[in-house]
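Student: Just dropping this structure here.
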Amino acid sequence: MDLAPFKQTAIAAAYQAAKKLRSKFGNLSRVRKKDTVEIVTEADTESENEIISVIRARYPEHAILSEEFGLTDAGGDFRWVIDPLDGTVNFAHQVPIFCISIALTYREEIVLGTVLNPVDGELYTALRGQGAYLNNRPIRVSAVTAVAESLLVTGFPYHLDKEFEPIMFRYSSCLKACQAVRRLGSAALDICYVACGRFEGFWEQLLKPWDTAAGALIAAEAGAAVTTFSGKPFSLNDKEILVTNGHIQGQMIELLKL
């Protein structure tokens with residue numbers, strides 16, 4: 001299968017959405033709550049509209065799973081998985097750490113991943129079996145072999161109260177064992193930063209497919225191990241993910257055990 005046209009579509013959609021996000025950054029007119037904790041802004045929905053418009057113009061028969069609109073046209077082998085603004089809380093507070101994440105699955109397998117940071121212009125891309133790239137330059141995971149020498153990154157779910165104790169236990173275990181832990185607020189960027197060697201490992205639970213789909217392929221194509229906390233190969237149905245440079249995978253699995 002020639003994936004290049006799909007990649008061109010994903011990149012075009014990401015750049016179109018990026019224009020919308022940059023125009024709204026620091027210029028929001030409304031922020032509403034989805035529930036007691038999670039928020040959504042007009043930037044989320046307008047970015048999503050831009051992405052869907054580009055995809056629909058080229059592939060009207062494809063299914064789309066997006067954060068704000070859910071699943072549309074569920075039939076067929078192809079499904080786009082979209083997060084139009086990963087890092088909404090950062091965006092709403094004018095913290096410039098957020099991104100657009102677009103993936104494509106074929107018969108439930110992720111075959112394309114695109115993550116774009118509209119602030120610094122970093123574009124991460126991957127096609128299954130063809131490597132991972134940052135602004136068209138090949139990327140690889142780091143060569144660090146010990147957790148003690150590793151910089152890790154994690155995230156906390158909106159509804160932290162649901163699994164507060166296991167989340168804090170895992171955080172504490174990793175914090176004590178590694179060089180340092182960061183919490184940036186964008187799972188897709190966290191995973192891409194493992195892919196290009198800035199972090200050695202990332203873990204998080206209670207995630208959705210649009211949080212992880214693009215990043216999971218980008219990381220895997222950069223040489224990362226992408227699994228659940230127990231080491232099982234990751235799938236989009238999993239609500240937890242562990243991404244490491246591979247060298248510290250076994251150590252991280254032990255640290256995440258309850």
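Student: Restricting attention to the range 116-158, which residues are open to solvent by 60 Å² or more (accessible area, probe 1.4 Å), under 23 Å from A14 (Cα atoms) and either touching a Pro at 6+ places or on another chain (Cβ under 7 Å) or acidic (D, E) (or both)?
Tutor: V119, D120
Student: Picking from A225, A213, which residue would you name as being touching a strand residue (DSSP E or B) at 6+ places or on another chain (Cβ under 7 Å), under 24 Å from N136 (Cα atoms), buried (at least 24 other Cβ atoms within 10 Å of the Cβ) and of a type outside the set (V, I, T)?
Tutor: Values: A225 fails: buried (at least 24 other Cβ atoms within 10 Å of the Cβ).
Only one candidate qualifies: A213.
Student: If you go through the range 149-174 one residue at a time, how many are of a type in the set (K, R) and over 19 Å from S230 (Cα atoms)?
Tutor: Number satisfying all stated conditions: 1.
Student: Is it the case, given these coordinates, that G26 is out of contact with any Pro (no Cβ under 9 Å at 6 or more places or on another chain) and under 21 Å from A213 (Cβ atoms)?
Tutor: no
Student: Quick check, is D83 among the acidic types (D, E), part of a helix (DSSP H, G or I) and touching a strand residue (DSSP E or B) at 6+ places or on another chain (Cβ under 6 Å)?
Tutor: The answer is no for D83.
Student: Identify the residue in the range 230-258 that is open to solvent by 90 Å² or more (accessible area, probe 1.4 Å) and touching a strand residue (DSSP E or B) at 6+ places or on another chain (Cβ under 8 Å) and, among all such residues, is modelled with the lowest pLDDT.
Tutor: Result: K239.
The values are calculated or read from the model by the stated rules, or taken from the named source; none is laboratory data. Only a predicted model underlies this, so the values are computations on that prediction, with no experimental measurement involved. Positions of Cβ are generated from backbone atoms using ideal geometry, with glycine treated the same way; all protein chains shown enter the neighbour counts. Each accessible area value is taken on the protein alone, full model and side chains, heavy atoms only, with ligands, DNA and RNA left out. Shrake-Rupley method; radii C 1.70, N 1.55, O 1.52, S 1.80 Å.
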